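Chemist: Dropping a structure here in structure tokens format, bear with me for questions.
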């Protein structure tokens, strides 16, 4: 990442697709660190924050949002060509986001010969993560991302260090914070056991169940890179917490519902009587 | 441009910068006449209203928060109030106060973002707050710290500032301890002084002489500056209950935009801080009133560029209100009241940072959502923005394209349009054809 010409700071682009802007706001929420970021990097393209919009190539491209239009599917290809390192920020870019709930609805509507009104604007029938379209170098999970994780990743990249972020489950973070387990003590359908850490275990900290906004954790069952044990947790929701199948399905089909293994688990429970 | 006068000239802004979301502008001019103004919102639709159907009411606050990262509390507040109306529940006391406090946090955060990072660079001649910081470090640092004070309130009450997690139908999943709220006080006291400085600073900006005849629309509560409750009032004299919203406000689709245009009996109107301030000035707090008097700022403000003054006043108001709410806070016995689910239809309107935000829900006996309608502030202001551009355009005609385009962008930014918000809603009308 380090540029041979030390006077040239790495060029940053922040690009948006279908999303709520919450992850970009997390960048602006860096507050005083935002000015430091502006000194460390040349912010070449960040329309939400600056009218100075310069063309690529970029050293780092942060991508927010999912692909939901044909035009955006082309736009991400063009961006990939311009970006040395492409990082997705947030659940929309990394997993298709909440709007990927349409991915099931459209299948359903196809079956029943359902049509949206003809005058509607072009939109794909799916919302897909960036990685279904181009190679992604690094994924930052969360809805929204954790701004300190983002800063750490950028600092690592600028310093030529391979970024590493924890991928274990929220449970570990929750225990470290000393929260009372809401799954055990309150019988709430907490997704913490299968959700990636990084949020600070805020939901149990606020007395409620985790709803999986950092996506699936890794390694809980067999090791890094392997999916968490959603099967066992889903069964627990059903048999111990008395959730009916459709409720178990909805639990997994949320902010990160389209990402495997949440998608697979929700599909299983959708089909149960 | 003597030779060009008869020709058609197009001024285009491919990407409106320093707004939330993605939009473009196309203005067509023939000679001295503005022919067409199209604010094209190309942010893709996200179909929230469609996929909220079939979800359980308890999931609604988490889902609607995702319509907007800048004003998630607004969506949560309109949603829980509409749902509580269905279940025959009314929040009172400390829970009601905490909801006001949370909303104060969002106003402070969102307004500080707009004032310092999005709009002020226009007045000082910079591309961004980051480039502005090179010459005005103290100013930008003050703005960022103010914004952070708003975020601190949201983080304490909601767990985090973007998409807070504690809001639920009936109350909160957790309420703060007294000492946790008191720990915010020092920073809020600093922020209150910074807000006074902010009003003084923006009051001295040079404003273009521009004051169209607006119909302002806002909530109005008999006793307080409005957040979550009140009637809908307009400077035209309209005064209706929230449940009558859809009888007066109608959304129209235009071919070039992914956002609907909402009109009040066929006409454009103006929502947001300027409208709120003008219609609720009698409920301002003493400091806010004093600063206005000191600066000889007379209400109503009629210049849209002075929306930055209204926002700054509301930052100050929200800080004063926050300090009062913290002062009188006694933790409630229960963080949330138990809810008895029943079927029905409920409507609520709250004051998002950018103006009134209307929600209607239809729920069945199991608490499952059957139908939703959401009308965000930006769709309400969209037609008004276009009309302002038509009115403002003649004074930009002599400028080269680039500067004319910048002038147009400045007009758009006055409204702080939240474009992501405006495109969540395309109602997926389902037509079933018999086989």
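Chemist: Out of all the residues in the stretch B:49-69, which are touching a strand residue (DSSP E or B) at 6+ places or on another chain (Cβ under 7 Å) and modelled with pLDDT under 95?
Modeler: B:49, B:52, B:53, B:54, B:68 - these are the residues of the stretch B:49-69 that are touching a strand residue (DSSP E or B) at 6+ places or on another chain (Cβ under 7 Å) and modelled with pLDDT under 95.
Chemist: For the stretch B:212-227, which positions are in a loop (DSSP other than H, G, I, E, B) and either surrounded by 15 or more Cβ atoms within 10 Å (Cβ to Cβ) or in contact with a helix residue (DSSP H, G or I) (Cβ under 7 Å, 6 or more places away or on another chain) (or both)?
Modeler: Looking only at the stretch B:212-227, we keep the residues that are in a loop (DSSP other than H, G, I, E, B), and these are B:212-215, B:221-227.
Answer for the stretch B:212-227, where residues must be in a loop (DSSP other than H, G, I, E, B) and either surrounded by 15 or more Cβ atoms within 10 Å (Cβ to Cβ) or in contact with a helix residue (DSSP H, G or I) (Cβ under 7 Å, 6 or more places away or on another chain) (or both): B:212, B:214, B:215, B:221, B:224, B:225, B:226, B:227.
Chemist: Which is within 14 Å of chain A (Cβ to nearest Cβ), out of contact with any strand residue (DSSP E or B) (no Cβ under 7 Å at 6 or more places or on another chain) and more than 30 Å from residue A:198 (Cα to Cα), of B:253, B:247?
Modeler: The unique qualifying residue is B:253.
Chemist: A follow-up question, please. Kindly evaluate residue A:77 against the criterion of being away from chain B (no Cβ under 13 Å), free of Cβ contacts under 8 Å to residues at least 60 places away in the same chain and in a strand (DSSP E or B). Lay out the reasoning, then the answer.
Modeler: Details: away from chain B (no Cβ under 13 Å): yes; free of Cβ contacts under 8 Å to residues at least 60 places away in the same chain: yes; in a strand (DSSP E or B): no.
No.
Chemist: Could I ask something else about it? State the number of residues belonging to the stretch B:40-58 that are in a loop (DSSP other than H, G, I, E, B) and surrounded by fewer than 24 Cβ atoms within 10 Å (Cβ to Cβ).
Modeler: Number satisfying all stated conditions: 4.
Chemist: Within the stretch A:54-71, which residues are at the interface with chain B (Cβ under 10 Å from one of its Cβ atoms), over 23 Å from residue A:155 (Cβ atoms) and modelled with pLDDT of 95 or more?
Modeler: A:65, A:66, A:67
Chemist: So which residues in the stretch A:37-46 are modelled with pLDDT under 95 and within 11 Å of chain B (Cβ to nearest Cβ), if there are any at all?
Modeler: Of everything in the stretch A:37-46, those that are modelled with pLDDT under 95 and within 11 Å of chain B (Cβ to nearest Cβ) turn out to be A:37, A:38, A:39.
Chemist: Say we look at the stretch B:59-73 and pick out the residues that are at the interface with another protein chain (Cβ under 10 Å from one of its Cβ atoms) and within 19 Å of residue B:366 (Cβ to Cβ); which of these is surrounded by the most Cβ atoms within 10 Å (Cβ to Cβ)?
Modeler: B:62
Chemist: Can you say whether residue A:94 is in a helix (DSSP H, G or I), more than 9 Å from chain B (Cβ to nearest Cβ) and buried (at least 24 other Cβ atoms within 10 Å of the Cβ), as far as the supplied structure shows?
Modeler: yes
Chemist: Select from the stretch A:37-62 the residues that are in a helix (DSSP H, G or I) and more than 24 Å from the chain's Cα centre (by Cα) and write down the one among them that is surrounded by the fewest Cβ atoms within 10 Å (Cβ to Cβ).
Modeler: Out of the qualifying residues, it is A:39.
Chemist: Return the residue satisfying two criteria in turn: it lies in the stretch A:124-145 and is in a loop (DSSP other than H, G, I, E, B) and surrounded by 21 or more Cβ atoms within 10 Å (Cβ to Cβ), and of such residues it is modelled with the lowest pLDDT.
Modeler: Among those residues, the one meeting the criterion is A:127.
Chemist: Can you spot a residue in the stretch B:342-356 that is part of a loop (DSSP other than H, G, I, E, B), crowded, with 24+ Cβ neighbours inside 10 Å and modelled with pLDDT under 95?
Modeler: The answer is no; no qualifying residue exists.
Chemist: Next question, about the same structure. Residue check, residue B:112 against (1) in a helix (DSSP H, G or I); (2) surrounded by fewer than 23 Cβ atoms within 10 Å (Cβ to Cβ); (3) touching a residue at least 24 places away in the same chain (Cβ under 8 Å), all met but one. Which one?
Modeler: (2)
Chemist: In the stretch A:17-36, which residues are more than 12 Å from residue B:113 (Cβ to Cβ), surrounded by fewer than 24 Cβ atoms within 10 Å (Cβ to Cβ) and either more than 8 Å from every other protein chain (Cβ to nearest Cβ) or within 22 Å of the chain's Cα centre (by Cα) (or both)?
Modeler: A:30, A:33, A:36
Chemist: Within the stretch B:129-184, track down each residue that is part of a loop (DSSP other than H, G, I, E, B) and within 8 Å of another protein chain (Cβ to nearest Cβ).
Modeler: Selection gives B:133, B:159, B:160, B:161, B:162, B:163, B:165, B:166, B:173, B:174.
Chemist: Please pick out the residue among B:177, B:184 that is in contact with a helix residue (DSSP H, G or I) (Cβ under 7 Å, 6 or more places away or on another chain) and under 20 Å from residue B:104 (Cβ atoms).
Modeler: B:184
Chemist: Output the number of residues of the stretch B:10-25 satisfying the condition of being under 20 Å from the mean Cα position of the chain (by Cα) and not in a strand (DSSP E or B).
Modeler: Summing the residues that are under 20 Å from the mean Cα position of the chain (by Cα) and not in a strand (DSSP E or B) in the stretch B:10-25 gives 6.
The values are calculated or read from the model by the stated rules, or taken from the named source; none is laboratory data. Being a predicted model, the structure only gives us computed values, none of them experimental. Note that each Cβ is placed from the backbone with ideal geometry, even for glycine, and that neighbours are counted across all protein chains shown.
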